[in-house]
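Worksheet: the structure to be examined is printed underneath.
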Amino acid sequence: MKILYVALKETLPGSHGGAVHVLEVARQLARRGHQLTVVVQQRTRQPARETQDGFEIVRLAARSNFLLFQLEPAVRALIAEFKPDVVMERYYNFSGAGMHAARRANLPALLEVNAPMMDPPGTKKYLADQFLFGLMTRMARTQASIAKRIVTPLAATVPFPEARDKVREIPWGANVELFDRAGLDEKEIGDWSRKLNPSNQHVVAFLGSFRAWHGVREFVQVAAEIARTRDDILFLMIGAGDLLEELRPQVERANLQEQIVLTGAVKYDQVPYYLALADVGVAPFNTAAHPPLRVGFYWSPLKVHEYMAMGLPVVTIDVAGLNQIVRHEQEGLLYPEGDLSALHAAIVRLVDDPALARKLGAAGRARVVQSFSWQKHAELLEGVLNECMV
């Protein structure tokens, strides 16, 4: 089928979760034989149009993320040019251009929701909606009403009872071809190891955004505790974000730069080489630091899927959603959220029991290939798109 995929808040290329998601979904749908045009934002001097990986990217200049709904005429023009069979839009509070354009063109529409459509009371978005006399709620409800189907990692992200029957839960995935230890260049792995781990220590990795709810503060706290008594463990923190510059001086003041390595931002296609150095992958989420997570653990976390794809045992919190991806003592070790002594113990246990680490890692690789790859995501998404066409 011909699919117009509208993701106006995202830019391509990009290394954050949203950009990776859009790119991987488009790539896998194109591999399955569908014809795609992906509509994203234009930044700096990017070309307005280009073709890559079997699909077309169209970039539209946006004056503000709060005015993305104003791009509806441009999306309508693309519908007239491309003549899609279906429109798929990545939900954003102030967008809806794809949904409205699809309705005007009498086309079926699929809404992709990856976070709560409306944040719970007490959050900034909730207060903003109150200030705007419920405008954001009305915009969200309208998008849900237009959509023939809604896909999301967690049904609770869609708060409108009248839309419940439209919702289909589909988890995110991992690029199991890119994140495959067996497919990497051994010489390049050796080069990175000599650069980042010259003492050949055990490596415990954190990958992702340096934000409070990703548990970066907790990770550094536990890493520092372990480093005080163990000089054979290197903690490799891969990524960037709001808290990076807060944590860097903490590590320096503790004189732990050689045991807690902060890489900064890394290109997406280089991440597997960093993870190839690791023995354990850690995802120490702190849900209390992110009020929207009150609706449930709606993330389908890329880092966890990518750890598993790389054959790493995963240490993460024991909460509904996550514990259905990583099962305790099967693909990793789970610990009660906030229990840093349990996090400490789980990391040390896997470092000191390499046979257990290898067993859990191998099981994780098999599980993600079977159930949590982008290929599987696209297969399930294709089924929902077919529902839209009926």
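Just so you know, all these numbers are worked out from the coordinates, no wet-lab data involved. Because the structure is predicted, anything quoted here is derived from the model rather than measured. Heads up, the Cβs are rebuilt from the backbone with ideal geometry, glycines too, and the neighbour counts pull from every protein chain shown.
Side notes on the structure shown:
- Gyration tensor (alpha-carbon) shape descriptor, region 181-371, a/c threshold 1.5: rounded
- A viscosity of 1.002 mPa s and a temperature of 20 °C, combined with the Kirkwood radius over Cα pairs in Stokes-Einstein, give a translational diffusion coefficient for region 258-390 of 133 µm²/s.
- Region 323-390: GluC sites (Glu not before Pro) in DSSP coil with no more than 16 other Cβ atoms inside 10 Å: Glu329
- Candidates Phe297, Phe210, Phe131, ranked by Gaussian network fluctuation over the chain, Cα under 10 Å, top entry: Phe131
- Footprinting exposure proxy ranking of Glu81, Glu56, fewest other C-beta atoms within 10 angstrom first, gives Glu81, Glu56.
- Helix-only arithmetic for the chain: the sum of -39500 (n - 2.57) across DSSP H runs with n ≥ 4, divided by the residue total, places the mean residue ellipticity at 222 nm at -11500 deg cm²/dmol.
- Residues whose placed amide H lies under 5 Å from that of Ala174, excluding near-sequence neighbours: Ser373, Trp374
- Residue of Leu262, Leu67, Leu107 that the Gaussian network model of the chain assigns the largest fluctuation, springs spanning Cα pairs under 10 Å: Leu67
- Where GluC sites (Glu not before Pro) fall in DSSP loop in region 153-254, at most 16 other Cβ within 10 Å: Glu177
- Cα gyration tensor, region 1-56 - rounded (a/c under 1.5), prolate or oblate: prolate
- The Cα-based radius of gyration and maximum Cα-Cα distance (Dmax) for region 110-164 are 11.1, 31 Å.
- [x] 377; [y] 144; [z] 132, with the label sought being that of the calculated volume of the Cα convex hull per residue in Å³: [y]
- Pairs of lysine residues in the chain - Cα separation under 25 Å, sequence separation of 8 or more or cross-chain: 28
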